[in-house]
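Participant: What follows is a structure written as structure tokens; I'll ask about it next.
The values are calculated or read from the model by the stated rules, or taken from the named source; none is laboratory data. All values reported here derive from a predicted model rather than from experimental measurement. Cβ sites come from the backbone with ideal geometry, for glycine too, and all protein chains shown count toward neighbours.
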């Protein structure tokens, strides 16, 4: 599938507004896209399937999730601890702690966890169960931040 890459506003402004030098000392003014030799800029934030946003990815979710109005759910520490230590609960079990998830469509969602004024944006999959879609390294960091016993 395809991915959507997102860049912070500062990088966008650098690409868009910056004046560029060409060969022989010519300059291109800012305010339009210039021919770059770049393979990729930005962080992958969403996977597309058949042109539809399907799954959020953890790499760039901290950039896009705060701007999302749909499919974002607050998760408490108790349920997140259960997911990290025992695996994902069924939708029915998850909806006891996250009432907004009961009528959510199946597929990719974002879980918002706040602890000590720091917000974690966690991509998750809502299928038969609610499961996190984060790499092991991020799972380890999150577990440590929550004060959980971590066995690497």
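Participant: Restricting to region 65-93, what's the tally of residues that are assigned to a helix (DSSP H, G or I), farther than 22 Å from residue 47 by Cβ and touching a strand residue (DSSP E or B) at 6+ places or on another chain (Cβ under 9 Å)?
Facilitator: The qualifying residues number 5.
Participant: So, one more: So which residues in region 34-63 are part of a loop (DSSP other than H, G, I, E, B) and at pLDDT 75 or above?
Facilitator: Matches in region 34-63: 42, 50, 51, 57, 58, 59, 60.
Participant: Same structure, new question: In this structure, is residue 138 closer than 22 Å to residue 6 by Cα and out of contact with any strand residue (DSSP E or B) (no Cβ under 6 Å at 6 or more places or on another chain)?
Facilitator: For residue 138, the condition - closer than 22 Å to residue 6 by Cα and out of contact with any strand residue (DSSP E or B) (no Cβ under 6 Å at 6 or more places or on another chain) - is met.
Participant: Quick check on this structure: which one of 80, 84 is touching a helix residue (DSSP H, G or I) at 6+ places or on another chain (Cβ under 6 Å), under 21 Å from residue 141 (Cβ atoms) and at pLDDT 90 or above?
Facilitator: Result: 84 is the single residue among 80, 84 that is touching a helix residue (DSSP H, G or I) at 6+ places or on another chain (Cβ under 6 Å), under 21 Å from residue 141 (Cβ atoms) and at pLDDT 90 or above.
Participant: Oh, and also: Considering every residue within region 134-141, establish whether at least one is under 24 Å from residue 54 (Cβ atoms) and buried (at least 18 other Cβ atoms within 10 Å of the Cβ).
Facilitator: Taking every residue of region 134-141 in turn, at least one turns out to be under 24 Å from residue 54 (Cβ atoms) and buried (at least 18 other Cβ atoms within 10 Å of the Cβ).
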